[in-house]
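S.K.: First the structure, which I've put down as structure tokens, then a few questions once you've had a look.
The values are calculated or read from the model by the stated rules, or taken from the named source; none is laboratory data. This one's a predicted model, so the numbers in the text were calculated from it and none came from an experiment. No Cβ is skipped: glycine too gets one built from the backbone with ideal geometry, and neighbour counts run over all protein chains shown. Just the protein is used for accessible areas: all its heavy atoms, side chains included, with ligands, DNA and RNA removed. Shrake-Rupley method; radii C 1.70, N 1.55, O 1.52, S 1.80 Å.
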Amino acid sequence: MPHPGHLPRRVWAALLSQLLRPPSAVCIRAVGCYSQVAEAVLTSQLKPHQKKPNFIIKVPKGTRDLSPQQMVVREKILAKIVSCFKRHGAKGLDTPAIELKEMLTEKYEDNIGLMYDLKDQGGELLSLRYDLTVPFARYLAMNKLKKMKRYQVGKVWRRESPTIVQGRYREFCQCDFDIAGQFDPMIPDAECLKIMCEILSGLQLGDFLIKINDRRIVDGMFAVCGVPESKFRTTCASMDKLDKMSWEDVRHEMVTKKGLAPEVADQIGDYVQCHGGISLVEQMFQDPRLSQNKLAMEGLEDLKLLFEYLSLFGIAEKTLGEKLRTTETEVFVATPQKDFLRERLKIIAELWDAGIKAEMLYKNNPKLLAQLHFCENTGIPLMVIIGEQEQNEGVIKLRSVASREEVIIKRENLVAEVQKRLSES
Amino acid sequence: MPHPGHLPRRVWAALLSQLLRPPSAVCIRAVGCYSQVAEAVLTSQLKPHQKKPNFIIKVPKGTRDLSPQQMVVREKILAKIVSCFKRHGAKGLDTPAIELKEMLTEKYEDNIGLMYDLKDQGGELLSLRYDLTVPFARYLAMNKLKKMKRYQVGKVWRRESPTIVQGRYREFCQCDFDIAGQFDPMIPDAECLKIMCEILSGLQLGDFLIKINDRRIVDGMFAVCGVPESKFRTTCASMDKLDKMSWEDVRHEMVTKKGLAPEVADQIGDYVQCHGGISLVEQMFQDPRLSQNKLAMEGLEDLKLLFEYLSLFGIAEKISFDLSLARGLDYYTGVIYEAVLLQDPAQAGEEPLNVGSVAAGGRYDGLVAQFDPKGHKVPCVGLSIGVERIFYIVEQKMKTLGEKLRTTETEVFVATPQKDFLRERLKIIAELWDAGIKAEMLYKNNPKLLAQLHFCENTGIPLMVIIGEQEQNEGVIKLRSVASREEVIIKRENLVAEVQKRLSES
């Protein structure tokens, strides 16, 4: 029995009188009451640190502990990432987890609702940082720095909506690399992509692809398709869902929810289905509508320069705009001329017999450009080209799809030369 | 003038009338008011992103950015600390920065006011963790673990009172090591002290001392001195200030603010001035009053055993049994310890002075039980390294020595003396990166050679790779040592091998 000293006297008296009554309907209710009273009494009797019997120990929604096993994996991954950042000459930086709310608000436009605020406890109004980028910008401005190449590894917090997708946490780690400063165009941008490739390759997660685009091309594309400027951002938000939804569903959302005219949506659809390598950039330069838009042209110029640097960095093939390579084809057998089907068939058989993954177009007389595009779009690294000149001289032309470099080799050395190049790449 | 429509009419009228009055004492105050009103008005007039004219970009009070130089120092310190933890077989653990408020409250007794709460935004009530110990206890209870030797490095947050002592931040890093589990007495406790010694020695901060005491001895001492049990904790809090205040001031506080009888305070004073090695433990065993107290005797027995193990560990001379040591947090149940750096005796010329605590810890056997509804006890002992304090000391040392640290680890710089060699530089640097070599180049199409050389000298890059017309024609590359300015010519195809050779030799 709970110690009487801890209950108000009248409650205790009421409790006792209930217990001493003979059983009756009233008593059943009284017994029910007694249970509730008893639980309340028991609970209030407990010292604060003795919680209710059904107290569950847990972490906040959207957060998690990392067990020792998980820590080992994390440490290895972070070490590889930071090592790459350092290899590129980045300096480490650390900023506080809490920032003045006024530093963060309005930097994220629509995402303020997702920020964790600290309770107003009489001092400055604070929030937990939402990413590492705005704090970096704040650091640069605060210290009046004009140039900096920095990396930062740290936790960020986002109050995502309750329907948490698997793997989407409210507290999670980010590894950022940024180059601040005015430099000659596209060199820092190329380095960022080089770093992404080095890290993803180094972590051995399998084949990957980096999609690139340009804000100015997006805006230019919207403009020439007839999207009203006031709807640019909201159309963007719809377009962003293309990695999760089909074009039909996205188009539907654009028309019914975002209020775009169906023709406008259709025109956007023509563009957004395009992806490819440097050849697509060239193609867009020629696009009759897009070439009218100054902003889009600026973006395309920069992308063209970027692709050039990416080639020199040896990563242009990772920046093709397609889903992860669905084939592992290593060599493509091509011809610039008509009536070379039989030669192609003989060559490809030789490659297959040597265990080399090879393809060719199922066309008697394909155009060279179409064959080139096929290689770029599907990510095939090496081309074997046979034409009249090569046949007469008893040679074959090997062409690197990424760098476009060509070498002439002897016909009889085909397999050996191809194997050599494939093992080097 | 602020737009009238944005002020209540009467305020505006009052403002106008003030401005139109002839100067007088009243007006001066009015002008002051106007500035305040104007500022208030101006602020409210501005769109949210147009801040007050004197908008200052800053970090929250009590927090700071770590510059690249500071990051290099911190990384070195943390690497040494974690290496020691690993050497003793600890596993790494990470817990969230935010915890359910109910997990943290009442674990710290008096310190709740110092916790950062998150705003109630409709979900769970959350707080920023105050230390790494309570989250560890929560982890043990949540996963029903009975034993664990873990280390954890992470930030913690405390809303310290506005009078911030130099080096006392509101967001700071802690490195914790804890051994949870029922083991034979004092062995884990001794290992914790051994770890503290290894770390402090390894960081080369100079001479240090670890004060130890025992919660039971503190409570026993209070009891035999006549302190009422209800005043134990508050007396403890006063005693904790002995590292900052003199005994006279602490005694004064005990009597005037905490309501202790003067004789009681005096008796406490007799004890707290005592400190020494194993011999003091023996002495206290014989103390007529203390030996009457069962709890104090238990504490002394454990300390005696502990000193025996510390001797075997070779660190007994670093340890001082100090009866004035109290420690603020209430979850300690047994041995408690605190490490302080001692000023260089050669400089001070006198007794070593305490510069401040750089590490602390103790035994806390009841904390996990507070989480576990069934009250299963998991005894724990641990330590926390005060990284910020150590960091501050190392930084000060470096300043006085004029040491300059490299903020990058770049080994090779790719340069050219001529124009139009960007593409060659890009190819060369990619080759170096792909071979795992740390390399940089200027983000300039046509940089001047001198600027590239200065960049290397300023950032401490030891080796340059130079490509120019002549080199390209001859199929070679020039390697240049930045320090000695010596140059060698190597074959283009041997670039990676030659660079790796020179880097490994240096």
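S.K.: Please find, within segment A:185-200, the residue that is nearest to residue A:147 (Cα to Cα) out of those that are within 9 Å of another protein chain (Cβ to nearest Cβ) and in a helix (DSSP H, G or I). If you could, list the steps in order and put the result at the bottom.
M.R.: Let us first name the residues in segment A:185-200 that are within 9 Å of another protein chain (Cβ to nearest Cβ), namely A:185, A:187-188, A:190-191, A:194-195, A:198.
Filter again for in a helix (DSSP H, G or I), leaving A:187-188, A:190-191, A:194-195, A:198.
On the way: A:187: 14, A:188: 12, A:190: 17, A:191: 16, A:194: 20, A:195: 19, A:198: 24 Å.
This residue is A:188.
S.K.: Further, regarding this structure: Which residues, counting only those in segment B:252-293, are touching a residue at least 24 places away in the same chain (Cβ under 8 Å) and in a helix (DSSP H, G or I)?
M.R.: Result: B:263, B:264, B:267, B:268, B:271, B:272, B:278, B:280, B:281, B:284, B:290, B:292.
S.K.: Something else now. Among the residues of segment A:250-300, write down those that are farther than 17 Å from residue A:234 by Cα and of a type in the set (Lys, Arg).
M.R.: A:289, A:294
S.K.: Modelled with pLDDT under 90, more than 30 Å from residue B:146 (Cβ to Cβ) and surrounded by fewer than 18 Cβ atoms within 10 Å (Cβ to Cβ): is that true of residue B:400 in this structure?
M.R.: yes
S.K.: Still on this structure, please answer the following. Looking at segment A:326-339, can you tell me whether even one residue there is surrounded by fewer than 19 Cβ atoms within 10 Å (Cβ to Cβ), of a type outside the set (S, T, N, Q) and not in a loop (DSSP other than H, G, I, E, B)?
M.R.: No: segment A:326-339 contains no residue that is surrounded by fewer than 19 Cβ atoms within 10 Å (Cβ to Cβ), of a type outside the set (S, T, N, Q) and not in a loop (DSSP other than H, G, I, E, B).
Each row is one residue, and each column tells you yes or no for (1) at pLDDT 90 or above; (2) more than 7 Å from every other protein chain (Cβ to nearest Cβ).
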position	(1), (2)
A:96	yes, no
A:107	no, yes
A:134	yes, yes
A:151	yes, yes
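S.K.: Checking the condition open to solvent by 30 Å² or more (accessible area, probe 1.4 Å) and either over 29 Å from residue A:381 (Cα atoms) or not in a loop (DSSP other than H, G, I, E, B) (or both), which residue from A:249, A:207, A:219 passes?
M.R.: Of A:249, A:207, A:219, the one residue that is open to solvent by 30 Å² or more (accessible area, probe 1.4 Å) and either over 29 Å from residue A:381 (Cα atoms) or not in a loop (DSSP other than H, G, I, E, B) (or both) is A:249.
S.K.: Would you check which residues across segment A:222-234 are open to solvent by 20 Å² or more (accessible area, probe 1.4 Å) and either among the hydrophobic types (A, V, I, L, M, F, W, C) or assigned to a helix (DSSP H, G or I) (or both) and list them?
M.R.: Residues satisfying the conditions are A:223, A:224, A:229, A:230, A:231, A:232, A:233, A:234.
S.K.: Same structure again: Select the helices (runs of 4 or more DSSP H) contained entirely in segment B:410-506, then report the ones holding at least 3 residues which are of a type in the set (D, E, K, R) and either within 14 Å of chain A (Cβ to nearest Cβ) or within 25 Å of residue A:91 (Cβ to Cβ) (or both).
M.R.: On the way: elements: B:422-434, B:449-459, B:469-474, B:495-505.
The helices (runs of 4 or more DSSP H) meeting that bar are B:422-434.
S.K.: With respect to residue A:298, is the statement that it is outside any loop (DSSP other than H, G, I, E, B), surrounded by fewer than 16 Cβ atoms within 10 Å (Cβ to Cβ) and either touching a Lys or Arg at 6+ places or on another chain (Cβ under 7 Å) or of a type in the set (Lys, Arg) (or both) true?
M.R.: Spelling it out, residue A:298 is indeed outside any loop (DSSP other than H, G, I, E, B), surrounded by fewer than 16 Cβ atoms within 10 Å (Cβ to Cβ) and either touching a Lys or Arg at 6+ places or on another chain (Cβ under 7 Å) or of a type in the set (Lys, Arg) (or both).
S.K.: Collect the residues in segment A:116-132 that are surrounded by 19 or more Cβ atoms within 10 Å (Cβ to Cβ) and at the interface with another protein chain (Cβ under 10 Å from one of its Cβ atoms), keeping them in residue-number order. Spell out the reasoning first.
M.R.: Restricting attention to segment A:116-132, the residues satisfying the condition of being surrounded by 19 or more Cβ atoms within 10 Å (Cβ to Cβ) are A:116, A:118, A:126-130, A:132.
Hits for segment A:116-132 are A:116, A:118, A:126, A:127, A:128.
S.K.: Turning to a different aspect of this structure: Scan (1) facing chain A (nearest Cβ under 7 Å); (2) in a helix (DSSP H, G or I); (3) of a type outside the set (S, T, N, Q); (4) in contact with a Leu (Cβ under 8 Å, 6 or more places away or on another chain) for the single condition residue B:138 breaks and write down its number.
M.R.: Failed condition: (4).
S.K.: Suppose we keep only residues that are open to solvent by less than 50 Å² (accessible area, probe 1.4 Å) and more than 18 Å from residue B:293 (Cβ to Cβ) within segment B:235-245. Which one would you say is modelled with the highest pLDDT?
M.R.: Per the stated criteria, the residue is B:238.
S.K.: In addition: Please go through segment B:359-394 and give me each residue that is within 14 Å of chain A (Cβ to nearest Cβ) and at pLDDT 85 or above, ordered by number.
M.R.: Result: B:364, B:366, B:367, B:368, B:369, B:370, B:371, B:377, B:378, B:387, B:388, B:391.
S.K.: Further, regarding this structure: Residues of segment B:240-270 being of a type in the set (A, V, I, L, M), under 32 Å from the mean Cα position of the chain (by Cα) and under 15 Å from residue B:228 (Cβ atoms), which ones?
M.R.: Once the filter is applied, which keeps residues that are of a type in the set (A, V, I, L, M), under 32 Å from the mean Cα position of the chain (by Cα) and under 15 Å from residue B:228 (Cβ atoms), segment B:240-270 yields only B:254.
S.K.: Within segment B:64-94, track down each residue that is surrounded by fewer than 21 Cβ atoms within 10 Å (Cβ to Cβ) and part of a loop (DSSP other than H, G, I, E, B).
M.R.: B:64, B:65, B:67, B:88, B:89
S.K.: Let me ask something additional. Find the residue count for segment B:123-140, including only residues that are among the aromatic types (Phe, Trp, Tyr) and over 10 Å from residue B:368 (Cα atoms). Show your work before the answer.
M.R.: First pass over segment B:123-140, keeping only residues among the aromatic types (Phe, Trp, Tyr): B:130, B:136, B:139.
Keeping just the survivors that are over 10 Å from residue B:368 (Cα atoms) gives B:130.
Qualifying residue count, segment B:123-140: 1.
S.K.: Looking at the structure I just gave you, is residue A:177 within 14 Å of chain B (Cβ to nearest Cβ) and under 27 Å from residue A:144 (Cα atoms)?
M.R.: Spelling it out, residue A:177 is indeed within 14 Å of chain B (Cβ to nearest Cβ) and under 27 Å from residue A:144 (Cα atoms).
S.K.: Across segment A:95-135, what is the total count of residues that are under 23 Å from the mean Cα position of the chain (by Cα), free of Cβ contacts under 8 Å to residues at least 40 places away in the same chain and assigned to a loop (DSSP other than H, G, I, E, B)?
M.R.: Final tally of qualifying residues: 4.
S.K.: Here are some conditions: (1) open to solvent by 50 Å² or more (accessible area, probe 1.4 Å); (2) touching a residue at least 40 places away in the same chain (Cβ under 8 Å). Residue A:197 meets all but one. Which one does it not meet?
M.R.: Every condition holds for residue A:197 apart from (1).
S.K.: From B:453, B:449, B:479, B:463, which residue is in contact (Cβ under 8 Å) with a residue 24 or more places away in the chain, among the aliphatic types (A, V, I, L, M), over 26 Å from residue B:72 (Cβ atoms) and open to solvent by less than 90 Å² (accessible area, probe 1.4 Å)?
M.R.: B:449
S.K.: Which ones in segment A:366-396 are outside any helix (DSSP H, G or I) and over 10 Å from residue A:334 (Cα atoms)?
M.R.: If the condition is that a residue be outside any helix (DSSP H, G or I) and over 10 Å from residue A:334 (Cα atoms), then A:379, A:380, A:381, A:382, A:394, A:395, A:396 are the ones that fit.
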